[in-house]
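Visitor: Dropping a structure here in structure tokens format, bear with me for questions.
The values are calculated or read from the model by the stated rules, or taken from the named source; none is laboratory data. All values reported here derive from a predicted model rather than from experimental measurement. Reconstructed Cβ throughout: ideal geometry from the backbone, glycine too, with neighbour counts over all protein chains shown. Note: areas computed on protein heavy atoms with side chains; ligands, DNA, RNA excluded. Shrake-Rupley method; radii C 1.70, N 1.55, O 1.52, S 1.80 Å.
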Amino acid sequence: MARHIPAWLAPTSLEEALELRARYGEEATVVAGGTFVGILMNQGLLQPAALLTLRQIPQLAYLRIEDADASGQPLLRIGAMTTHRALERSPLVQRGWPVLAATFALVASPRVRNQATVGGVLADADYASDPPALLHALEASVVARSLQGERLIPVEELIIGHYETSLRPDELLTEVRVPRTMEGAVYRKFRSRSSEDRPCVAVAAVRRRGRLRVVVGAVAERPQYFPEICALAEGQAPIEAALAREIGERYAAAIEPISDARGSAHYRRRVIAVEVRRALEDLNRIIATEGGSQRHA
Amino acid sequence: MAAMEIHFTLNGQPVAVQAEPDEMLLEVLRRELGLRSVRETCGLGICGACTALLNGQPISTCILLAPLAEGCDITTVEGLGGRHPVQRAFEEVQAFQCGYCTPGMILTIKALLEEQPEPDEETIRRALGGNLCRCGCYLKIIQATQRAAVLLAEERRRQVERSAASTS
Ligand SMILES: Cc1cc2nc3c(=O)[nH]c(=O)nc-3n(C[C@H](O)[C@H](O)[C@H](O)COP(=O)(O)OP(=O)(O)OC[C@H]3O[C@@H](n4cnc5c(N)ncnc54)[C@H](O)[C@@H]3O)c2cc1C
Ligand code: FES
Ligand code: FES
């Protein structure tokens, strides 16, 4: 049987890309950095009629600070085709959103980060990626564009299941918007195998305007957030040791962890309790010492 | 759709090659251009045996769709000419056994030292985190990186001296 060879669509403007996206829909696989797409093709798991690359669209790779959002806070706008490496090395991001720069620097190896994009890692919705949990905790949103116009989707509502997003087949993810971290933010990546591996358990903890938001990644089909557990820390800064432990234990009990090569459900549950507690301890320390944000590997 | 033509710069020379849109750059470099320093091992972006530099930065050619190289500057270890300071350091320190991982290591280290001429050991380990050596030469590879940093610094000093001599 003759092998089907996909068409290569390489638009040079966003307008052209949106037209192709509308015309082909699910027939064309979008290619950003192509790391995930490349692996699927190598393994024969993906045979699309066409490949639609965004690589030739320079207007999709940028990092900009918008003066202020409705609440008077600056907003970071990241073009979907910005690579992990460009983000992690940007002085703009390192200064204003250090936890973001540090978290992207924890992804895989420099090779993957040179290729993988900020839009790709979100559109991918892989349960074992690092940035989604952090971006969820930071209350980031994405811009989804189509010929019909644009929608602003909170990351929390973008990733809806295992490799599943709420993007429509005629939409492209064009931008990620990240509000200022405020009081403090931490990200902890717990690996069970090797330094360049994906996380076994990932914990992002952010405090904004006195409210705590803890999001646990890599343990279930999508990032896990329990507002009612976080509410226990309402008005508590610093979070005292017993409360940090309690929040950790409650997260561990609330999550139904998956089992995979990085750890069994039982193991993950125990690690979640410890890593959530440690994240809260880190957060206390950061807010006390610098009133800023930092990461912990 | 049939094969397409892709254009890029390979080791300083412009090239035009035939490829299919769903082929990886690795296959094209080996088949069309006869380069044997890029080696498929995992095919998953993990091991680093297929490393090339794309616009000066290491990437895995096994998961880079070939047409994405259009217009880019690609460097493989063949382009370093054999006497590059990182290559000399590998020889001096004997930082290999079978040599299978060596091209990927050398390119990754070259890119690291261009960005950070004096990396500490932790930085070196992090930069090489995605390059696996099945012979387990890691300690020697770290030593070779440190030695290469010294050789590159000497080379830069000589260049400065030469240009100072030629202008005086
Ligand atoms: C060896 C290896 C190790 C890794 N380790 C980690 C790790 O430790 N932590 C981690 O977080 N991640 C890790 N990753 C994941 C890596 O970061 C993802 O593969 C990557 O983020 C996907 O980005 P990409 O730009 O290459 O996406 P692509 O492969 O181009 O695309 C991914 C998916 O999203 C779709 N898509 C892409 N862009 C858009 C868009 N703008 N609009 C709509 N749809 C779009 C594509 O159609 C595809 O389905 C690893 C990957 C590899 C290969
Ligand atoms: S063969 Fe490409 S990274 Fe292993
Ligand atoms: S020297 Fe044999 S794999 Fe590294």
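Visitor: Among what's in segment B:19-36 and is open to solvent by 10 Å² or more (accessible area, probe 1.4 Å), touching a helix residue (DSSP H, G or I) at 6+ places or on another chain (Cβ under 8 Å) and more than 8 Å from chain A (Cβ to nearest Cβ), pick the residue that is nearest to ligand 1 (Cβ to nearest atom).
Guide: Here the answer is B:Glu23.
Visitor: Based on what the data block shows, is A:Ala128 at pLDDT 95 or above and surrounded by fewer than 19 Cβ atoms within 10 Å (Cβ to Cβ)?
Guide: Answer is yes for this residue.
Visitor: Inspect segment B:109-120 for any residue being within 12 Å of another protein chain (Cβ to nearest Cβ), within 16 Å of ligand 2 (Cβ to nearest atom) and in contact (Cβ under 8 Å) with a residue 40 or more places away in the chain and give the result as yes or no.
Guide: Yes, some residue in segment B:109-120 is within 12 Å of another protein chain (Cβ to nearest Cβ), within 16 Å of ligand 2 (Cβ to nearest atom) and in contact (Cβ under 8 Å) with a residue 40 or more places away in the chain.
Visitor: Within segment A:216-297, which helices (runs of 4 or more DSSP H) (wholly inside it) include 1 or more residues that are of a type in the set (A, V, I, L, M) and open to solvent by 70 Å² or more (accessible area, probe 1.4 Å)?
Guide: A:241-254, A:265-289
Visitor: When A:Met182 is evaluated against the numbered criteria (1) within 14 Å of chain B (Cβ to nearest Cβ); (2) more than 16 Å from ligand 2 (Cβ to nearest atom); (3) open to solvent by 10 Å² or more (accessible area, probe 1.4 Å); (4) within 30 Å of A:Ile287 (Cα to Cα), which criterion, by number, is the only one it fails?
Guide: (1)
Visitor: Filter segment A:42-63 down to residues that are within 16 Å of B:Glu23 (Cα to Cα) and open to solvent by 30 Å² or more (accessible area, probe 1.4 Å) and give me whichever is nearest to ligand 2 (Cβ to nearest atom).
Guide: Residue satisfying both the conditions and the ranking: A:Asn42.
Visitor: Let me ask something additional. Go through B:Leu65, B:Leu44 for me and flag whichever is open to solvent by 20 Å² or more (accessible area, probe 1.4 Å), at the interface with chain A (Cβ under 9 Å from one of its Cβ atoms) and within 16 Å of ligand 1 (Cβ to nearest atom).
Guide: Selected residue: B:Leu44, the only one of B:Leu65, B:Leu44 that is open to solvent by 20 Å² or more (accessible area, probe 1.4 Å), at the interface with chain A (Cβ under 9 Å from one of its Cβ atoms) and within 16 Å of ligand 1 (Cβ to nearest atom).
Visitor: In segment A:166-179, what count of residues is obtained for those that are more than 25 Å from A:Ile65 (Cβ to Cβ), open to solvent by 30 Å² or more (accessible area, probe 1.4 Å) and touching a strand residue (DSSP E or B) at 6+ places or on another chain (Cβ under 8 Å)?
Guide: Summing the residues that are more than 25 Å from A:Ile65 (Cβ to Cβ), open to solvent by 30 Å² or more (accessible area, probe 1.4 Å) and touching a strand residue (DSSP E or B) at 6+ places or on another chain (Cβ under 8 Å) in segment A:166-179 gives 4.
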